[in-house]
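The values are calculated or read from the model by the stated rules, or taken from the named source; none is laboratory data. None of the values given here were measured: they were computed from a predicted structure. Here the Cβ is made from the backbone with ideal geometry for all residues, glycine too, and neighbour counts use every protein chain on show.
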Amino acid sequence: MTEDAGEGGGAQRLDKWLWCARFFKSRNLAHTLLAAGRLRLSGTVVTKAHQKVKPGDVLTFPQGLHVRVVKVLVLATRRGPAAEAQTLYEDLAPVPERKSGQADPDTFEAIAPARDRGAGRPTKKDRRAVDRFNLDEG
């Protein structure tokens, strides 16, 4: 156990807990979110990374296009694997599952349009036909 995650339901720095729970890739990113006042700790806006979090607190913050609402269950002792990190909190507003074939809204990437198998690139003949069609239309 570290000094932050002491015995008997102590308290831990908020930026460190968010990092250990794998909501952010670095403590600096967690600190940036906190400094911007984008996180609520049990309904109160938090702007300091050294704010202490304890089991039972509810955190509300944006992550990508979604708003996360999580309840702190356990204080972190280390930044472990994702399965271990998920035991630190209870997700009160889970992120909706993405259907296959949809673009990921967090990355804003479009999925390439589907093409019939074997269709390949348009030929020169196809391009000329499209050009004639566009000239006739305009």
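For the reader, a short list of remarks on this structure follows.
- Under the condition of being in contact with a strand residue (DSSP E or B) (Cβ under 8 Å, 6 or more places away or on another chain) and closer than 18 Å to Glu84 by Cα, the residues counted in the range 21-36 number 2.
- Put simply, of Asp116, Asp126 the only residue that is at pLDDT below 95 and assigned to a helix (DSSP H, G or I) is Asp126.
Conditions tested, residue by residue: (1) surrounded by 15 or more Cβ atoms within 10 Å (Cβ to Cβ); (2) of a type in the set (Gly, Ala, Ser); (3) modelled with pLDDT of 95 or more; (4) farther than 21 Å from Val95 by Cα.
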| site | (1), (2), (3), (4) |
| --- | --- |
| Met1 | no, no, no, yes |
| Gly6 | no, yes, no, yes |
| Lys25 | no, no, no, no |
| His31 | yes, no, no, yes |
| Ala36 | no, yes, no, yes |
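- Residues of the range 38-68 satisfying the condition of being under 13 Å from the mean Cα position of the chain (by Cα), farther than 19 Å from Gln86 by Cβ and crowded, with 18+ Cβ neighbours inside 10 Å: none
- The range 8-23 - residue that is at pLDDT 90 or above and assigned to a loop (DSSP other than H, G, I, E, B) and, of those, farthest from Arg79 (Cα to Cα): Ala11
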